[in-house]
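Asker: Sharing a structure below in structure tokens format, with a few things to ask.
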Ligand code: OGA
Ligand code: NI
């Protein structure tokens, strides 16, 4: 096969990982090869490592009083001990989960020239490309990404909403409404589990911001050398992650200083606490660091929704969660400023939250 001219596989100044993969490189380009300390250990997880908790949403939304109580306390424990959980019986139609997965996959399978029409402009975070790349010597993730602002309307860039696949934009629209409802409901139960009024977050958040990021991880001949997605916490209040149907491995969370793989449950959604809830709860609930690893033969897809407060609001630990045993750990700040700080820094564990630490 004739070598592909290197300039044609770039989006902006970054190599497009899917195109790179098509060349079946036997040597992974240096920019993707992680330093020793960052490389994923591919040893099988310890047999004793427990998996992240499962929450049965239907018991919260339409269970008996007893079911509601016991599921609420499981939810509270999941938030406090894990920061991550999988939701089953979440009420979103399986056919909608399938549709969003299909249009996402179809989008990533379009020719690069087509996807480049939606290329992420320098200094922005929406569109096709890798955000959070700020220097030439920064290591790159083995991943292609497509991100869109969804709500409120003013964060949208209509030029970036694909006309192909035909059903893409309509499906994102319907899916986002459903995921939004789920976030609102989960935040209600999370608030109640903290002994607060169910609507505290909704009232506090103002006009909430919702964004979607689709991640496509091509197979990698050397999964031991690269990361699909760098370790980070999410800058949201809550994040909802849907994985491709045939996912076996990929997402890992940092638990007690070990990377624990999240074992997918078919049709479940994975929820995690973001930085906003960590700050509001004064660290009682933490936004846990996570990353994605790649697979030698299998590709993987994830569809990630970030749900966050309005950029306008000021936030800091809620007074109900601060006392002499739990002194205030974070300062008050404007959420818009935090968001800006988050997207203008590289993903580096929980470093962005230092912005808010006292
Ligand atoms: C994210 C994220 C993990 C994954 O997009 O913020 O953590 O498995 N994704 O794709
Ligand atoms: Ni994340």
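Asker: Over the chain, what is the mean sequence separation of C-alpha contacts under 8 Å (at least six apart), divided by residue count, expressed as relative contact order in percent?
Answerer: Relative CO of the chain lands at 20 percent.
Asker: Still on this structure: Can you work out the FRET efficiency for the pair residue 354 and residue 222, with r the C-beta to C-beta distance and R0 = 30 Å, to the nearest 0.05?
Answerer: On the way: r = 32 Å, r/R0 = 1.08.
According to the calculation, E is roughly 0.40.
Asker: How long is the gain from residue 166 to residue 135 if the chain were fully straight, where each residue apart is worth 0.36 nm and the alpha carbon distance is subtracted? Could you put the intermediate results ahead of the total?
Answerer: Numbers: separation 31, 0.36 × 31 = 11.16 nm, distance 3.57 nm.
Gain in length upon complete extension: 7.6 nm.
Asker: Evaluate the distance, in nm, between pseudo-label points positioned 7 Å from the Cα of residue 284 and of residue 257 along their respective Cα→Cβ axes.
Answerer: 2.8 nm
Asker: Once you've got the GNM for the chain with C-alpha springs shorter than 10 Å, pick whichever of 309, 218, 327 has the biggest mean-square fluctuation.
Answerer: Taking springs between Cα atoms under 10 Å, the residue moving most is 327.
Asker: A follow-up question, please. For 159, 214, 204, which order do you get if you count the other beta carbons within 10 Å of each Cβ and list the fewest first?
Answerer: Exposure proxy ranking, most exposed first: 159, 204, 214.
Asker: Say R0 is 30 Å: what FRET efficiency, to the nearest 0.05, do residue 312 and residue 24 get from their beta-carbon distance?
Answerer: 0.05
Asker: In a GNM of the chain with a 10 Å cut-off on Cα contacts, which of 202, 98, 136 has the highest mean-square fluctuation?
Answerer: 136
Asker: If you rank 28, 190 by fewest surrounding Cβ atoms within 10 Å, what's the result?
Answerer: So the residues, fewest neighbours to most, are 28, 190.
Asker: I'd like the projected area of the chain, averaged over all directions, using the convex hull of its alpha carbons. Report it in nm² with one decimal.
Answerer: The directionally averaged projection comes out at 18.2 nm².
Asker: Additional query: Once label points are set 7 Å from the Cα along Cα→Cβ at both residue 320 and residue 64, what is their separation, rounded to one decimal in nm?
Answerer: 2.8 nm
Asker: Using Cα atoms only, what is the angle between the long axis of helix 168-193 and the major principal axis of the chain, expressed in degrees (0 to 90) to the nearest 10?
Answerer: Around 30 degrees separate the two axes.
Asker: Also, I was wondering about something else. What is the extension gain from residue 344 to residue 36, computed as 0.36 nm multiplied by their sequence separation minus the C-alpha to C-alpha distance, in nm to one decimal?
Answerer: 108.3 nm
Asker: Using only Cα atoms and rounding to the nearest 10 degrees, what angle (0 to 90) does helix 94-108 make with the longest principal axis of the chain?
Answerer: 30 degrees
Asker: Mind pulling the angle between the C-alpha long axis of helix 65-81 and the longest principal axis of the chain? Nearest 10 degrees, somewhere in 0 to 90.
Answerer: 60 degrees
Asker: Now a separate question. Provide the gained length on full extension for the span residue 332 to residue 265, in nm with one decimal, where the gain is 0.36 nm per separating residue minus the Cα-Cα distance.
Answerer: That works out to 20.3 nm of additional length.
Asker: Per the helix-only calculation at 222 nm, which mean residue ellipticity applies to the chain, given -39500 (n - 2.57) for every DSSP H run of n ≥ 4 and division by its residues, nearest 500 deg cm²/dmol?
Answerer: Values: 9 runs with 95 residues, N = 358.
Helix-only estimate at 222 nm: -8000 deg cm²/dmol.
Asker: I need the calculated FRET efficiency for the pair residue 93 and residue 246, taking r as the beta carbon distance and R₀ as 25 Å, to the nearest 0.05.
Answerer: Working: r = 20 Å, r/R0 = 0.79.
In this case the efficiency is close to 0.80.
Asker: Return the percentage of antiparallel bridges among DSSP beta bridges fully within the chain, rounded to the nearest 5 %.
Answerer: 90 percent
Asker: Right, another one. With a 10 Å Cβ neighbour count serving as the proxy for reagent exposure, in which order, fewest first, do 70, 233 appear?
Answerer: The fewest-first ordering by Cβ neighbours comes to 70, 233.
Asker: Hey, in the GNM for the chain with a 10 angstrom Cα cutoff, which one of 306, 84, 201 fluctuates hardest?
Answerer: 201
Where a number appears in this text, it was derived from the coordinates with a stated rule and is not lab data. Keep in mind that what you see is a predicted model, and the values were worked out from it rather than measured. Glycine also receives a Cβ, built like all others from the backbone with ideal geometry; neighbour counts cover every protein chain displayed.
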